[in-house]
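Have a look at the structure below before the remarks.
The values are calculated or read from the model by the stated rules, or taken from the named source; none is laboratory data. As the structure is a computational prediction, the values presented were derived from the model and not from experiment. In case anyone asks, the SASA skips ligands and DNA or RNA and just uses the protein heavy atoms, side chains included. Shrake-Rupley method; radii C 1.70, N 1.55, O 1.52, S 1.80 Å.
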Amino acid sequence: MMQKKPIEEKNMDCTVLVTSCFAYKDVLENFELLFQKYWKDCPFPVYLNIDRKIGRHRMHYDKVILSPHKENLIRMRDIEWKTPYVLIMQDDHFLIDKVDNQKILNAIAYAKKYNCGNLRLIQDPKTEDVFSASEQLLEYKPGKAYRISARGGVWETAYLKKFIYKYKDFWEMERHGQQFSCKIKKRVLCTKERVLPIIDAVHKGYYEDFAYMLLQANGIFPERKQMSNLLKVKEYLKAAILDWNPELITGIQDKFDLGYKHKYN
């Protein structure tokens, strides 16, 4: 099991924040099983922010913050922050390998050193802009589509709070946050290496094939279904269009408010 140290004995440079909702309680359960397997020695306090109680958990949380709002950023307004940095983990971002604590600590040190608002621990979306070759750091420069993302990153807490109080949910933040981030004098960097070994497990309410196989390999046979081939074709086509010119496509989406989909039931 995870180390159940008193919170005062944990590394208080960063909080690991797990975000979930009652509609995804089955996904959260599987997230917890994989977190317990691959990061049971997490040195930071771990919080869960969720809209409703779901009963027994498969891992230890230092704090569970219940907030009735369906939008995840509005729920996060109820959190009393204790650390200068936050690592956000969504319930459908599954760990697939052991987390190297030293690499996470190094990333936090880089975030401090370079005055980062956000330092992504996976390169998503791709970027070719090298910030520090020796430290294997890349940069999301102002104007880059999806410069702001809730996927696998270390946030300066004060910087994150600006987005929490401006937007309602991650979708809105990721779609519109790029322009807002340009007004704040903070760097947005990412590690060249996948320091946080996560995958997107669920899309449109269905398990991705790799996530489904990962769960089965761990003796878990989920009731939630896999994506159909037809849905995959639709999503791959949309991804190909976005890859053609991300800045142009996201600009059109912003102008006409296209593509919004609620995760919540």
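Here are a few things to note about the model shown:
- Counting only DSSP beta bridges whose two residues both lie in the chain, roughly 45 percent are antiparallel.
- Given 113/168; 63/183; 82/103; 113/183; 4/225; 70/166, the pairs whose alpha carbons are separated by over 27 Å: 113/168; 63/183; 4/225
- Calculated mean residue ellipticity at 222 nm for the chain: -10000 deg cm²/dmol, from DSSP H runs with n ≥ 4 weighted as -39500 (n - 2.57), summed, divided by the residue count and rounded to 500.
- Sorted largest first, the spans of the alpha carbon positions of region 175-223 along the three principal axes are 47, 25, 12 Å.
- For residue 162, the aspartates and glutamates whose Cα falls under 17 Å of its own Cα, not counting residues fewer than eight places away in the same chain, are 71, 78, 80, 172, 174.
- For the chain, the per residue solvent-accessible surface stands at 50 Å², with DNA, RNA and ligands left out and a 1.4 Å probe.
- Remark: the residue 218-residue 185 segment gains 7.5 nm on full extension, using 0.36 nm per residue and subtracting the alpha carbon distance.
- Inverse of mean 1/r across different Cα pairs in region 83-185, Kirkwood, Å: 14.3 Å
- Rg/Rh for region 106-164 stands at 0.93; both radii use Cα atoms, and Rh follows the Kirkwood definition.
- Per residue, the convex hull around the alpha carbon atoms of the chain comes to 130 Å³.
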